[in-house]
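Some notes on the structure that comes next.
The values are calculated or read from the model by the stated rules, or taken from the named source; none is laboratory data. For clarity, every value in this text was computed on a predicted model and none was experimentally measured. Neighbour counts are summed over all protein chains in view; Cβ atoms, including those assigned to glycine, are modelled from backbone coordinates with ideal geometry.
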Amino acid sequence: MLEALNPQPQDKILQLIALYRDDPRDGKIDLGVGVYKDATGLTPVMRAVKAAEKKLWDTEKTKTYTGLAGEPAYNAAMVGMILGEGWADRAASVATPGGTGAIRQALELIKLATPNATVWISAPTWPNHPSIIKYLGMKMAEYRYFDAETRGVDFAGVMEDLAKVAKGDVVLLHGCCHNPTGANLNTDQWQQVVTLLAAKGAVPMVDLAYQGFGDGLEEDAAATRLVANGFPEVLIAASCSKNFGIYRERTGILIALTSVDRKAVVQGNLNFLNRQNYSFPPDHGARLVTMILEDAALTADWKAELEEVRQNMLGLRTQLAAELRKATNSDRFDFVADHRGMFSRLGLTEDQVIRLREEHAIYMVGDSRINIAGLNAQTVPVLAAAIAKVAG
Ligand code: LMR
């Protein structure tokens, strides 16, 4: 049986981790996988997470199964954090293993409900989106998103392509901090997209993996809330990996907004999908998140640390844009300061990306996506000088 298997293509982001690890050079710089790192290169456990873990260790009396949909308190706290109050009647939800688990469950739900629907993804998008869609054998189409010239959003392209969406098609949107480009729609553009897609009868699916990493926790949820208010049905796949820094705990949620009347059936289908795929979702990370969000002091401390993380990345963006100005004697990388989230697509060629790796030990994804948080005040000028050398 197993002889029938063919080798699978390697994930380009995960592949970089091994390449970087095996590079013996001193001073190598890892701008690959989307993991936050502080100035010392550590991905820290956040203070509130540590405090919640201590409390949990003291108070947890059982590790018996949790609910099939996750702990109701977790789901309610997450719906509140993402959408605000007032959604209980319309929000069906399941806890999932990370944001990827939520995306997978969302796509499975779409397949179950409308197997012939086309899922529209931005060009480019996080590579795992098309990978899972293809794996599930679903129809897929792309809408233009990134303007390679300005490194901003090609908004005319977005609107032109989304005008082709058919009724019942699903449109995958990045709620904030677009991955891989770092270029985002402004509020007015979001409104136009919502109006267009609502007129088309499309179903939006929002991937929200970086809430709190862009313009702030509330600000980063604004587009998702606009979408939630604009459609009878919305799917939201959210992750706690980044904003709570609990990557390996695999903590995510899929929220399906529907009518009050349909909620029980939708919830039953979400539970069914959890049962088919992994039965009960992981609980440890979800429990920590719940403890933090239900405790005012822990919430305040978590928000303060998340804000430090966000400000740190913004500071690195400003510094990198300034260093690139100096190093290239041009303003063509100024967009780095306008991008938001962990990533920026620099617009370098694949050849230049390879030269950065081979000649300068600087690792970034082949499409020239950098993880801003992989930098620190000392490595920013090193990166700028290297970019000027390969792309000057
Ligand atoms: C990334 O895009 O680097 C992150 O979302 C991590 C991953 O799983 O790819």
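Summed over the stretch 1-41, residues that are of a type outside the set (A, V, I, L, M, F, W, C), assigned to a helix (DSSP H, G or I) and away from the ligand (no atom under 12 Å from the Cβ) total 3.
Matching residues to (1) more than 14 Å from the ligand (Cβ to nearest atom); (2) assigned to a helix (DSSP H, G or I); (3) without any contact (Cβ under 8 Å) to a residue 24 or more places away in the chain:
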{"residue": "ASP215", "(1), (2), (3)": "yes, no, no"}
{"residue": "ALA223", "(1), (2), (3)": "yes, yes, no"}
{"residue": "ALA238", "(1), (2), (3)": "no, no, no"}
{"residue": "SER259", "(1), (2), (3)": "yes, no, no"}
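Please verify whether the stretch 136-144 includes one or more residues that are of a type in the set (D, E, K, R), more than 16 Å from the ligand (Cβ to nearest atom) and part of a loop (DSSP other than H, G, I, E, B).
Keep residues of the stretch 136-144 that are of a type in the set (D, E, K, R), which gives 139, 142, 144.
In the following step, the residues that additionally are more than 16 Å from the ligand (Cβ to nearest atom) were identified as 139, 142, 144.
Subset that is part of a loop (DSSP other than H, G, I, E, B): none.
No: zero hits.
If you go through the stretch 113-158 and pick out every residue that is crowded, with 16+ Cβ neighbours inside 10 Å and either outside the structural domain of ALA102 (by TED's automatic domain parsing) or among the acidic types (Asp, Glu) (or both), you end up with 2. Residues that are more than 17 Å from ALA18 (Cα to Cα) and either within 16 Å of the ligand (Cβ to nearest atom) or surrounded by 22 or more Cβ atoms within 10 Å (Cβ to Cβ) (or both) within the stretch 350-368 comprise ASP367, SER368, listed in sequence order. When you go through VAL380, VAL289 one by one, which is the residue that is in the same structural domain as ASP215 (by TED's automatic domain parsing), within 24 Å of ASN179 (Cα to Cα) and either outside any loop (DSSP other than H, G, I, E, B) or more than 16 Å from the ligand (Cβ to nearest atom) (or both)? So the residue among VAL380, VAL289 that is in the same structural domain as ASP215 (by TED's automatic domain parsing), within 24 Å of ASN179 (Cα to Cα) and either outside any loop (DSSP other than H, G, I, E, B) or more than 16 Å from the ligand (Cβ to nearest atom) (or both) is VAL289.
For the stretch 330-359, filtering for residues that are under 20 Å from GLN319 (Cα atoms) and either of a type in the set (A, V, I, L, M, F, W, C) or not in a loop (DSSP other than H, G, I, E, B) (or both) leaves 12.
The residues of the stretch 158-179 that are within 22 Å of VAL365 (Cβ to Cβ) and assigned to a loop (DSSP other than H, G, I, E, B), listed by number, are GLY175, CYS176, CYS177, HIS178, ASN179. Consider GLY182 carefully, then state whether it is touching a helix residue (DSSP H, G or I) at 6+ places or on another chain (Cβ under 6 Å), outside any helix (DSSP H, G or I) and within 16 Å of the ligand (Cβ to nearest atom). When the stated conditions are applied, GLY182 does not pass them. Residue count for the stretch 42-51, restricted to those that are assigned to a loop (DSSP other than H, G, I, E, B) and in contact (Cβ under 8 Å) with a residue 60 or more places away in the chain: 4. Just one of the listed residues (VAL165, VAL158, VAL170) is in contact with a strand residue (DSSP E or B) (Cβ under 8 Å, 6 or more places away or on another chain), in contact (Cβ under 8 Å) with a residue 60 or more places away in the chain and more than 16 Å from the ligand (Cβ to nearest atom), namely VAL170.
Working carefully through the options SER330, SER344, find the one that is surrounded by fewer than 13 Cβ atoms within 10 Å (Cβ to Cβ) and hydroxyl-bearing (Ser, Thr, Tyr). Steps first, answer last, please.
Numbers: SER344 fails: surrounded by fewer than 13 Cβ atoms within 10 Å (Cβ to Cβ).
Only one candidate passes the filter, namely SER330.
State whether one or more residues within the stretch 43-55 are of a type in the set (Ser, Thr, Tyr) and away from the ligand (no atom under 16 Å from the Cβ). There is no residue in the stretch 43-55 that is of a type in the set (Ser, Thr, Tyr) and away from the ligand (no atom under 16 Å from the Cβ).
Here VAL94, VAL79 are screened, and the one residue that is closer than 30 Å to LEU298 by Cβ, assigned by TED's automatic domain parsing to the domain that holds LEU254, assigned to a helix (DSSP H, G or I) and more than 16 Å from the ligand (Cβ to nearest atom) is VAL79. Quick one: is ARG340 over 18 Å from ALA183 (Cβ atoms), more than 13 Å from the ligand (Cβ to nearest atom) and in the same structural domain as ASN329 (by TED's automatic domain parsing)? Answer is no for this residue.
As for the stretch 100-110, it holds no residue that is away from the ligand (no atom under 16 Å from the Cβ), over 21 Å from GLN276 (Cβ atoms) and either touching a helix residue (DSSP H, G or I) at 6+ places or on another chain (Cβ under 7 Å) or assigned to a loop (DSSP other than H, G, I, E, B) (or both).
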